1. If Lys and Arg each add +1 and Asp and Glu each add -1, what is the summed charge of the other residues whose beta carbon sits under 15 Å from the beta carbon of Met79?
2. Compute the length gained on full extension between Met86 and Glu42: take 0.36 nm times their separation in residues and subtract their Cα-Cα distance, giving the result in nm to one decimal.
3. Cut-off 16 Å, label point 7 angstrom out along Cα-to-Cβ of Gln35: give me the residues of region 74-88 whose amide nitrogen falls inside.
4. So how do Val81, Val69 line up by other beta-carbon neighbours within 10 Å, fewest first?
5. If we count every other residue with Cβ under 9 angstrom of Leu27's Cβ, Lys/Arg +1 and Asp/Glu -1, where does the sum land?
Amino acid sequence: MGGDYAPTNIVSGAILALREYHRISKLFLVGDRDQIIRHLGEQNYEDQRVEVVHTTQVIEMSDPATESVRRKRNSSVSMAVDLVKMAVLTRLSVLATPEPLSLPRLLN
């Protein structure tokens, strides 16, 4: 789970989305489990719809993008894409992307 001010802002955004959109049946937070759980706890938030998927690798800013996704299979972005491939997720929200990516768009 990367990006500016991550995971704080990402977890806060996830909580906001879950509170606002009751139709969300499951929300996956992919990244370092301890950090995610700590941020959920700091906001006194617990919801059965949240599933944390732990990852151990980090893609650094200096890492080449396509090579990193292939080499660092246990990074949050690689794991999230794998979840989409396995049809566990039907949509993947990517930081710096104005709209969620659907599976057909990812595969094109």
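1. Net charge in that neighbourhood comes out at +3.
2. Values: separation 44, 0.36 × 44 = 15.84 nm, distance 3.17 nm.
Going from the current span to full extension adds 12.7 nm.
3. Under cut-off, by backbone N: 74-80.
4. On the way: Val81 19, Val69 15.
Least crowded to most crowded, the residues run Val69, Val81.
5. Working: positive: Lys26, Arg49; negative: Asp47, Glu51.
With Lys, Arg at +1 and Asp, Glu at -1, the net is 0.
Any read-out appearing in this document is the output of simple, stated calculations on the displayed coordinates, not a laboratory observation. Because the structure is predicted, anything quoted here is derived from the model rather than measured. Every residue, glycine among them, receives a Cβ derived from its backbone with ideal geometry; neighbour counts consider all protein chains shown.
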